[in-house]
Amino acid sequence: MRPRLSTFIVACLDARVDPGRIFALEVGDAVVMRNAGGRVTPAVLRDLSVLGFLAGSVPGGSPMTPEVVVVHHTDCGLARLVDPEAQRVLAERMGVEPSQIAAMAVPDPYQSVLTDLDRLRSAPGVPDSLVVAGFVYDVTTGLLSEVQ
Ligand SMILES: [Zn+2]
């Protein structure tokens, strides 16, 4: 249950983005959580809390220094969510406020990774030992850039 690398990856569910392949992962290496945009949402934070608790409560297990890696990508479909009309239509369809849709937008993956790293660091209950890292995956070149 506990990821061998103590790593939790949050990535976009875009079919061109395959975290297992990008990071050359083997089964059991990391927990990969995917959603639209790879955004750090309240649902992701909730899952991280549960997974962190479960991984930390393994009987006889050694302490784990968890690392969360956020991966956004170029040409993300969620760039379209900056359009107020798209926000309105999708919000209506999902039964949420347009502002929630606007918060999902990825017009600039380098900026949205920084936003999500801040969300991780400032989330309540996040251990001081948590290591976070952010990357942008270029779907054209297949190159990965770390966001500082
Ligand atoms: Zn995407």
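Each value in this text was obtained by applying a stated rule to the coordinates, not by laboratory testing. All of these numbers come straight from a predicted model, not from anything done at the bench. A quick note on method: Cβ atoms are made from the backbone with ideal geometry, for glycine too, and the neighbour counts reach across all protein chains shown.
Rank-order 117-124, 129-136 by packing density, defined as the average count of other C-beta atoms within 10 Å over each peptide's residues, highest first.
129-136, 117-124
Which whole-percent values make up P(r) of the stretch 98-148 when all C-alpha to C-alpha distances are grouped in 5 Å steps starting at zero?
4, 17, 23, 22, 17, 12, 5, 1
Taking amide H positions as placed in the peptide plane 1.01 Å from N, state which residues far from MET33 in sequence (5 or more) or on other chains have amide H under 5 Å from it.
Those qualifying (amide H under 5 Å, at least 5 residues apart or on another chain) are ILE9, VAL10, ALA11.
For the chain, list log₁₀ I(q)/I(0) at each q in 0.09, 0.18 Å⁻¹, using the Debye formula over Cα point scatterers of equal strength and ignoring solvent, two decimals each.
Log10 of I(q)/I(0), two decimals: -0.29, -1.06.
Any idea how far apart VAL82 and ARG21 come out in nm if each label point goes 7 Å out from Cα toward Cβ?
2.8 nm
Suppose the chain between SER49 and GLN148 were pulled fully straight at 0.36 nm per residue; how much longer would it get relative to their current alpha carbon spacing?
That works out to 33.2 nm of additional length.
Choose one answer from MET94, MET33, MET104: the residue with the largest mean-square fluctuation in a GNM of the chain with alpha-carbon springs under 10 Å.
MET94
Return the calculated 222 nm mean residue ellipticity for the chain, to the nearest 500 deg cm²/dmol, obtained by summing -39500 (n - 2.57) across DSSP H runs with n ≥ 4 and dividing by the residue count. Numbers along the way, then the final one.
Working: 5 runs with 49 residues, N = 148.
Helix-only estimate at 222 nm: -9500 deg cm²/dmol.
Pop a pseudo-label 7 angstrom from the Cα along the beta-carbon direction at both ASP138 and GLU97 and give the gap in nm to one decimal.
Roughly 3.9 nm, to one decimal.
For the stretch 1-47, state the average projected area of the convex hull of the C-alpha atoms over all orientations, rounded to one decimal in nm².
Numbers: hull surface 13.5 nm².
Directional mean of the projected Cα hull area for the stretch 1-47 stands at 3.4 nm².
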